[in-house]
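Please read the structure below before turning to the comments.
The values are calculated or read from the model by the stated rules, or taken from the named source; none is laboratory data. All values reported here derive from a predicted model rather than from experimental measurement. In this analysis, Cβ positions are derived from the backbone assuming ideal geometry, glycine residues included, and neighbour counts consider all displayed protein chains.
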Amino acid sequence: MIRITQKKCIAMLLAGGEGKRLAPLTQKLAKPAVPFGGQYRIIDFPLSNCLNSGIDTIGVLTQYKAETLHMHIKDGGFCLNDNETEITLLDASRQANGLYTGTADAIYKNLDYIQRNNPEHVLLLSGDHIYKMDYNAMIQFHEESGAEATISVKQVPWKDAHQFGIMNVDDSYKVTNFIEKPSQPESNLASMGIYIFRWSFLKRYLLQDAENELSSHDFGKDLIPQMLAAGSNVYAYPFQGYWRDVGTVESLWEAHMEVLGGEIVLDDGQWPMYTNKRLQPSPTNLYKAAESHKSLINPDSIIEGELVRSVVFSGVHIGPGCEIRESIIMPDVKIGRNVQIYKAILGEGSVIEDGAVIGNPNGEITVIGKDEFISADSPAVLDIIIA
């Protein structure tokens, strides 16, 4: 009989959400495939965290527009740090028992994959967060506390607390109460959507939940409250670094402005970022930085206009006479002459005609979807302003 060596920890990365709050950017893209930071996609952050933390077995659970993630991770040559890392795409369409109906259901439908890897712990991650985190520190906290489940948490502004799973803890950070998106939060200690479970413990709850017809099969709404109700050892791991849930247009734009402001440094040399080879700029310097205007410009682009506090990805061509302020120009965008763009996000492959005016420096964020064409008198510009 062949004995399978037990792995200390494997990662399961949830990347199947539709991302309606990021529309129109997600009309043709999975939410974790949305570009970020001049040369990355959102999913590169949890993947890079895994690689830098030495977690070499990663299951990526895909569903909505799955092919856009598959192309980025596998088909397009995702840059790995060694030959031992295994990233497995777990597409819901290939499941014999139907599409994923919730976060817990997605893990349940991949029980065989987890069992084959025989882990002691399972690290559960979301595919739409921007942060750098050494998961080893969280695993150590998890083991030393004797936790059966550990949730990474961070204090968020009180005005935003209703958007998160909120918890109360005692002096040892043992969770005493957890409410998913409360209408009137009693705490601002928010779940980051990062969990570590002892696999034997998690498996038992997944099997129970699958039999419950009244369950929505969600970790925050169903499994975590059930664990707490049963008196399980659920702990909160306090994270002190930068972290952003970029599930909305506003948060995506704000996170880019925070990159420009230095709140998170994407390429510091100490915590490598990995991505699809196509997105990486050809020169050794990652960006040209116009310090006076605090912009990030991928050097694989042609810029003839003026940029102020903006981020430009690869393959972009900006014509002469353009003025672009506080905007995000995603890969392969073509912008004509004398275009004015203020506080906007331009999706991949969009084309902006000469003389167009997009956005308002004092208004809300304007978004142009992937592959859209905007003429100088296009009424669409007025219709896609995100409130």
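Among the residues of the stretch 214-244 satisfying the criterion of being assigned to a loop (DSSP other than H, G, I, E, B) and among the hydrophobic types (A, V, I, L, M, F, W, C), which is surrounded by the most Cβ atoms within 10 Å (Cβ to Cβ)?
In the first step, residues of the stretch 214-244 are kept if they are assigned to a loop (DSSP other than H, G, I, E, B); the result is 214-218, 230-233, 239-242.
In the following step, the residues that additionally are among the hydrophobic types (A, V, I, L, M, F, W, C) were identified as 214, 230, 239.
Numbers: L214: 5, A230: 10, F239: 17.
Result: F239.
Looking for whichever is hydrophobic (A, V, I, L, M, F, W, C) and at pLDDT 95 or above here; the options are I302, I341. Which one fits? I341 is the lone residue from the list that is hydrophobic (A, V, I, L, M, F, W, C) and at pLDDT 95 or above.
Of all residues in the stretch 320-343, those that are at negative phi, surrounded by fewer than 18 Cβ atoms within 10 Å (Cβ to Cβ) and either small (G, A, S) or not in a strand (DSSP E or B) (or both) total 2.
Within the stretch 175-188, which residues are farther than 22 Å from L14 by Cα and assigned to a strand (DSSP E or B)?
Within the stretch 175-188, the first condition is being farther than 22 Å from L14 by Cα, and the residues that meet it are 175-177, 182-188.
Residues satisfying the conditions are V175, T176, N177.
Looking across the stretch 84-121, the residues that are assigned to a helix (DSSP H, G or I) and touching a residue at least 60 places away in the same chain (Cβ under 8 Å) come down to A92, T103, A104, D105, A106, I107, Y108, L111, I114, R116, N117. Among the residues that make up the stretch 85-103, is at least one of them touching a helix residue (DSSP H, G or I) at 6+ places or on another chain (Cβ under 8 Å), modelled with pLDDT of 90 or more and among the polar types (S, T, N, Q)? Scanning the stretch 85-103, I find at least one residue that is touching a helix residue (DSSP H, G or I) at 6+ places or on another chain (Cβ under 8 Å), modelled with pLDDT of 90 or more and among the polar types (S, T, N, Q), so the answer is yes.
Scanning the stretch 347-374 for residues that are on the phi > 0 side of the Ramachandran plot and surrounded by 20 or more Cβ atoms within 10 Å (Cβ to Cβ) yields a single hit, G359.
For the stretch 290-319, the set of residues classified as outside any loop (DSSP other than H, G, I, E, B), under 28 Å from the mean Cα position of the chain (by Cα) and not β-branched (V, I, T) consists of A290, S295, L296, L307, H317, listed by residue number. Residues of the stretch 155-180 that are under 20 Å from the mean Cα position of the chain (by Cα), within 25 Å of E144 (Cα to Cα) and among the polar types (S, T, N, Q): Q155 alone. Among the residues making up the stretch 126-174, those that are in a helix (DSSP H, G or I) and either over 15 Å from C9 (Cβ atoms) or of a type in the set (K, R) (or both) are W158, K159, D160, A161, H162, Q163.
Residues of the stretch 27-77 that are in contact (Cβ under 8 Å) with a residue 60 or more places away in the chain, part of a strand (DSSP E or B) and either farther than 17 Å from W271 by Cβ or not aromatic (F, W, Y) (or both): P35, R41, T57, V60. Taking first residues from the stretch 145-158 that are of a type in the set (S, T, N, Q) and partners that are assigned to a loop (DSSP other than H, G, I, E, B), the Cβ contacts under 8 Å between residues at least 6 apart in sequence or on separate chains come to S145/S172; S145/Y173; S145/N233; S152/M133; S152/F239; Q155/N188.
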